Structures are given as C-alpha cells and as structure tokens.
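Down below is the structure, laid out as structure tokens.
The values are calculated or read from the model by the stated rules, or taken from the named source; none is laboratory data. Bear in mind that the values here come from a model prediction, so they are computed numbers and not experimental data. Note that we place each Cβ from the backbone using ideal geometry, even for glycine, and neighbour counts take in every protein chain shown.
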Amino acid sequence: MADAPPARLEVGDRGGARVLAFRGALDAAGAGLLWPDAMRAARQAAGRPLTLDLAGLTFCDTTGVALLLQAERVHGPSVSIEGASGHVAELLARVRAVALAAPRPPPPEPGWGEMLRAGLRAAIDGVAFLGEVAFAIAELPRHRRHFRRPDLLRAADEAGVRAMPLVALLGVLMGLILAFQSLIPMRRFGADLYVADLVSISLIRELGPLLAAVILAGRTGSAFAAEIGTMKVNQELDALVTMGVDPLTNLVLPRLAAAVLVMPVLTIGLDLAGLFGMTLVLVSAGIPVEAIAARVTFQVVATDLYGGLFKAMVFGAAVAVIGCRSGMATGVGPSAVGLSATAAVVGGIVATIALDGLLAIVYFRLGL
C-alpha cells in the first residue's frame with residue numbers, strides 16, 4: 001500500500017442528492033484523515049438524499065467500511081452506495097450484518113429450582129473434596145516428602161501469631177459489650193455479680209470459638225483461597241501434578257493442620273481478652289476483682305473449656321477445608337481469584353454457624 005494514492009474526498013451534488021466521492025486507499029490512515037470531513041458533509045446533507053460514490057477507491061479495509069457506515073448513521077435514511085467493487089460490497093455487507101445484529105438478551109434470572117440445584121451441586125462437590133482430603137490424610141505416611149513443614153509453620157504464623165492482636169482487640173470489645181448489656185437488666189434485681197457468670201459462660205462455651213472462627217475465615221480462609229487460586233490460574237497446580245506431587249498433600253494438609261492447631265490458641269486468647277474486658281466493666285461498677293474471679297472459677301468447669309476448644313478445632317478444620325476448596329475450584333478470568341476468596345469467607349462463616357448449631361444440639365443431648 002506504499003504506492004497507493006492518498007485518500008481524498010470530493011463533495012458535490014447530482015440530481016438533487018449530495019454525493020460523497022471517495023478516492024484512493026480508504027485504509028486506517030485514509031479513513032482517519034477523511035473522517036471529520038465525511039461526518040461534517042453527511043450531517044450537512046440531512047434532509048436530502050446522500051450518495052456514497054466508491055468507484056474511485058483503490059483499497060478499502062474494515063476501518064474504511066466503518067467510516068462509510070458511520071456516515072450512513074450520521075445522515076440517517078436515504079443513503080445509496082454506487083460504484084463499489086465486489087470486494088468492497090461484500091465487506092460492507094458483512095460488517096453491516098455484524099453492526100445491525102440484535103444484541104444478545106441478558107441471561108434469565110435463576111429460579112428457585114436452579115438455585116437449589118446449584119446449591120446441591122456445591123454440597124456434593126464439598127463432600128467429594130472432603131473425601132479427597134480424608135484420603136490424602138490416610139496416604140500421608142506414604143507421601144511424607146510432599147508435606148512441607150515450612151509451609152505448616154508459615155501458615156500457623158499467618159493464621160495464629162499475626163491474628164492475635166485482632167483477636168485480643170475483638171475479645172476485649174466483646175467482653176465490654178456483653179458486660180454492659182448484661183449489667184443493665186441484672187442491676188434491677190440486685191444481681192450485678194452474676195454478670196460474671198453470664199459473660200464467662202457465653203464466651204468460653206459459645207462466643208469465643210465462634211468469633212475466633214469468624215476471624216479465621218475473614219483473614220486466613222480468604223488468604224488460603226487466594227493463594228491456591230492464584231497458583232491454579234498460573235497453572236502451578238498442573239505443574240505439581242506433572243512433577244508427581246500431590247497438590248492436596250502439598251498445599252491443603254499444611255494449611256489444614258495449621259488452622260486446627262492455632263484455633264484453640266486463638267480461642268483461649270479471645271476468652272481471656274473477653275474476661276479482661278468484662279472485669280473492667282464490673283470493677284467500674286464497684287465489684288471487687290476477687291469476687292469476679294470467684295464467680296468465674298465457680299461457674300466455669302473444665303467441660304466448658306474443653307467443649308469450647310473442641311468446637312474451635314472443628315471450626316478451624318471447616319474454615320481451612322472450605323478456603324482450600326475454593327482455591328482449588330478457581331475458574332478463569334480476572335475476577336476468578338476474588339470470587340474464590342469471597343466464596344471462602346462466606347462459606348467458612350456459614351459452615352461455622354451451622355456446625356455451632358449442630359454441636360449445640362449434640363452437647364445438649366449429651367448433657368454437657
């Protein structure tokens with residue numbers, strides 16, 4: 001196209017119609033050169049027939065066709081095309097068909113049936129992944145070399161040590177809130193001291209493990225999903241399989257073990273912080289520290305503490321498994337990792353609450 005004549009536009013009149021005669025090569029450079037003049041001439045010809053004379057074209061590509069079609073749109077109806085060669089006419093027809101194609105309708109909103117089926121499929125996939133994890137645990141003695149202890153220590157540091165300041169802050173605030181809210185009605189009956197019983201039992205049996213699991217899901221479950229999801233998007237999981245390394249043993253089991261190990265520590269830290277916040281409120285209400293400690297030690301028994309720690313371990317395992325599964329199930333696209341992290345957080349919190357309710361029923365039936 002180096003020897004092709006430059007694009008030109010000749011504007012004239014013929015039989016009451018405005019004629020735009022295009023000459024030379026109507027490629028990207030030529031179309032860009034003629035675009036302002038062609039749009040101005042087509043707009044000025046509004047109300048009159050418009051003819052696009054293409055007999056003088058030596059070359060035309062899709063950019064030139066886009067110029068011609070835009071001139072048609074700017075002018076409106078009553079546009080005719082003359083002198084187009086077979087190649088230009090065919091190119092015009094194809095581009096016009098694509099441009100005039102009806103937009104695809106938006107996908108229909110999923111109904112209850114579709115949502116139920118999607119939830120059932122997700123549940124089946126979760127159970128299947130849980131079975132794979134159990135099989136990987138059973139096969140761990142044969143695949144010890146795939147289990148990297150540095151990954152376990154790094155995950156434990158991220159999930160436990162780095163989360164402890166947030167756990168302590170949340171524990172103190174929860175202790176303060178529970179004590180304040182309980183002190184108001186209990187004071188009406190002269191039972192201020194029994195606020196220690198109420199808050200300590202609530203924290204150690206229920207709120208401590210539950211809030212620690214929520215923190216684990218928000219901080220660590222999403223991190224597990226993002227890390228493994230990024231590895232899948234970058235095809236690193238396929239590389240591990242190619243090298244004969246089991247991704248579940250290498251990636252999931254260290255994170256699962258770290259979550260299970262750190263959850264009791266996080267729970268105890270949150271319990272102690274909550275009791276400290278409760279003590280601040282009760283001391284400010286005139287109750288001695290010795291009386292508070294006596295009520296806590298009298299009311300809280302070893303079964304309450306061990307039951308809360310067992311819940312914490314179950315919650316930690318659920319959050320870790322859901323986070324890792326979300327990472328393993330990461331799709332493609334720029335938003336895939338973010339969707340996996342969101343699914344890990346939501347799934348971890350929902351699973352934690354559901355397991356808490358189930359364990360509450362079991363503890364009630366066992367008389368614990």
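Brief remarks on what is shown
- Residues located in segment 10-50, provided they are under 17 Å from residue 80 (Cβ atoms) and part of a strand (DSSP E or B): 10, 11, 12, 13, 14, 17, 18, 19, 20, 21, 22, 50
- Within segment 34-49, the set of residues being without any contact (Cβ under 8 Å) to a residue 24 or more places away in the chain and among the basic types (Lys, Arg) comprises 40 only.
- Restricting attention to segment 249-294, the residues that are hydrophobic (A, V, I, L, M, F, W, C) and without any contact (Cβ under 8 Å) to a residue 24 or more places away in the chain add up to 4.
Rundown of residues vs (1) surrounded by 15 or more Cβ atoms within 10 Å (Cβ to Cβ); (2) in contact with a Lys or Arg (Cβ under 7 Å, 6 or more places away or on another chain); (3) more than 20 Å from residue 5 (Cβ to Cβ); (4) at pLDDT 85 or above, yes/no style:
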position: 48; (1), (2), (3), (4): no, yes, yes, no
position: 63; (1), (2), (3), (4): yes, no, no, yes
position: 96; (1), (2), (3), (4): no, no, yes, no
position: 121; (1), (2), (3), (4): no, no, yes, no
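- Residue within segment 159-180 that is assigned by TED's automatic domain parsing to the domain that holds residue 289, under 15 Å from residue 258 (Cβ atoms), part of a helix (DSSP H, G or I) and at pLDDT 90 or above present: yes
- The set of residues in segment 186-236 that are small (Gly, Ala, Ser) and under 18 Å from residue 349 (Cα atoms) comprises 208, 212, 213, 217, 218, 221, 222, 223, 225, 226.
- Sub-9 Å Cβ pairs linking a first residue in segment 1-21 that is more than 11 Å from residue 41 (Cβ to Cβ) and not assigned by TED's automatic domain parsing to the domain that holds residue 34 to a second residue that is at pLDDT 80 or above and loosely packed, with under 12 Cβ neighbours inside 10 Å, at least 6 apart or interchain, number zero.
Each row is one residue, and each column tells you yes or no for (1) within 30 Å of the chain's Cα centre (by Cα); (2) at pLDDT 90 or above; (3) assigned to a helix (DSSP H, G or I).
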| site | (1), (2), (3) |
| --- | --- |
| 257 | yes, yes, yes |
| 260 | yes, yes, yes |
| 265 | yes, yes, yes |
| 304 | no, no, yes |
| 308 | no, yes, yes |
| 317 | yes, yes, yes |
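- Cβ-Cβ under 7 Å pairs, at least 6 apart or on other chains, segment 200-229 side under 23 Å from residue 303 (Cα atoms), far side at pLDDT 90 or above and among the charged types (D, E, K, R): 203/271; 204/271; 208/271; 209/311; 210/356
- The set of residues in segment 65-85 being acidic (Asp, Glu) and loosely packed, with under 15 Cβ neighbours inside 10 Å consists of 82 alone.
- Annotation note: of 151, 125, the sole residue that is at pLDDT 85 or above and either in a helix (DSSP H, G or I) or more than 24 Å from the chain's Cα centre (by Cα) (or both) is 151.
- For the criterion of being modelled with pLDDT under 85 and under 51 Å from the mean Cα position of the chain (by Cα), residue 36 fails.
- Scan segment 319-343 for residues that are buried (at least 19 other Cβ atoms within 10 Å of the Cβ), under 11 Å from the mean Cα position of the chain (by Cα) and assigned to a helix (DSSP H, G or I) and the total you get is 6.
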